[in-house]
Amino acid sequence: MVTLRIPAGVFYALFVLAGLVLGQGIRHAWPFGRVVAVFTAVTFGAFTGFVMFHMTWSGWQRQAAASYEAFEVQMRGAAEDPAEHEAVLEFLRWILVERWADVSIGLTFASFLTGAVLAVGVTAFWVRIRHGMPGPRTTFASMRPPEWLVWPVIACAGLWFVEQRASHDVLRAVAWNGAIGLAAIYWLNGVGIVVYAVRHLQPHVFVVAALVLFLMYAGGWLLSIVGLFDTWWELRVKVDRVVAVREKLRDRSGDGDGE
């Protein structure tokens with residue numbers, strides 16, 4: 001006889017609730033960012049509760065270490081030259097063993113946030129095509145973090161500055177995990193700005209391809225920085241101004257040709 005433990009049951013119930021939240025947000029035409037925020041809060045909160053109260057923090061760390069050992073055995077067995085994957089293994093060891101407490105919460109939040117954006121976008125597209133529902137009243141391209149979020153960024157920078165001068169495990173965990181989570185938020189904002197600019201400026205396909213290649217190789221932190229400084233620069237507004245100026249120039253050119 002299979003029994004379902006109460007913590008696991010609560011965990012799965014919360015994920016079902018996340019699906020209901022997603023459906024309600026799309027059905028009632030919430031802004032895209034609000035649906036993503038609520039969906040992320042429910043799913044990430046459910047997973048965090050599962051880790052803390054069902055798996056326990058020590059079990060979470062042991063699982064990460066076991067994952068590293070499995071990766072190590074697999075990669076060393078597959079490589080003809082054992083030193084071939086040494087850099088990758090060192091990086092995995094640094095994350096999964098040495099710094100797991102400092103980065104795991106931020107990386108997990110970033111994963112849930114990105115998954116929420118994809119889930120909301122795909123679901124909204126599906127209900128729009130299949131059922132003719134309008135979905136969220138805004139789009140991913142226009143989704144923008146609230147301006148007050150810059151204060152946690154400043155706080156994380158301050159904690160990092162203090163921790164660099166007086167090493168402390170708790171300060172480092174808070175600063176690093178917070179920075180990773182915030183970087184994910186602003187990275188998505190940077191991606192949204194790029195999508196917004198491409199959609200409205202409609203550059204040549206080769207320009208778009210070159211931009212995609214550049215961002216694939218060098219756009220990680222760059223997009224996070226762009227997304228952060230959008231708090232003051234309001235880049236979407238600048239894109240709208242460029243489009244308006246271009247339309248005016250086209251109109252004048254059309255009038256001149258007509259004459």
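The values are calculated or read from the model by the stated rules, or taken from the named source; none is laboratory data. Bear in mind the structure is a predicted one, so any value in this text is a computation, not a measurement. Cβ sites come from the backbone with ideal geometry, for glycine too, and all protein chains shown count toward neighbours.
Hey, can you tell me all the residues within region 85-104 that are β-branched (Val, Ile, Thr) and either over 14 Å from Gly178 (Cα atoms) or surrounded by fewer than 18 Cβ atoms within 10 Å (Cβ to Cβ) (or both)?
The answer is Val88, Ile95, Val97.
Checking Ala41 against (1) among the hydrophobic types (A, V, I, L, M, F, W, C); (2) closer than 22 Å to Arg137 by Cα; (3) modelled with pLDDT under 90, which test does it fail?
(3)
What's the number of the only condition in (1) modelled with pLDDT of 80 or more; (2) over 21 Å from Thr138 (Cβ atoms) that Leu4 fails to meet?
Single failed check for Leu4: (1).
Look through region 113-156, keep the residues that are of a type in the set (Gly, Ala, Ser) and within 17 Å of the chain's Cα centre (by Cα), and return whichever of them is surrounded by the most Cβ atoms within 10 Å (Cβ to Cβ).
It comes out as Ala116.
Report, by residue number, each residue of region 118-174 that is touching a Leu at 6+ places or on another chain (Cβ under 8 Å) and part of a loop (DSSP other than H, G, I, E, B).
The answer is Met143, and nothing else.
Quick test for you: out of Phe71, Phe32, pick the one residue that is within 30 Å of Gly192 (Cβ to Cβ) and either at pLDDT 80 or above or surrounded by fewer than 13 Cβ atoms within 10 Å (Cβ to Cβ) (or both).
Matching residue, one of Phe71, Phe32: Phe32.
Residue by residue through region 136-177, note down the ones that are over 19 Å from Val38 (Cβ atoms) and either modelled with pLDDT under 90 or among the acidic types (Asp, Glu) (or both).
Selection gives Glu147, Glu163, Gln164, Arg165, Ala166, Ser167, His168, Asp169, Val170.
I'm trying to understand the selection: among the residues of region 97-150, which are in contact (Cβ under 8 Å) with a residue 12 or more places away in the chain, of a type in the set (Ser, Thr, Tyr) and within 30 Å of Val170 (Cβ to Cβ)?
Ser104, Thr108, Thr114
Would you list the helices (runs of 4 or more DSSP H) that sit entirely within region 189-259 and hold 3 or more residues that are more than 26 Å from the chain's Cα centre (by Cα)?
Filter on region 189-259 gives 235-258.
Taking region 159-169 as the region of interest, how many residues are loosely packed, with under 12 Cβ neighbours inside 10 Å and free of Cβ contacts under 8 Å to residues at least 12 places away in the same chain?
5
Would you be able to say whether some residue in region 140-149 is of a type outside the set (Asp, Glu) and within 30 Å of Glu98 (Cα to Cα)?
So far as region 140-149 goes, yes, one or more of its residues are of a type outside the set (Asp, Glu) and within 30 Å of Glu98 (Cα to Cα).
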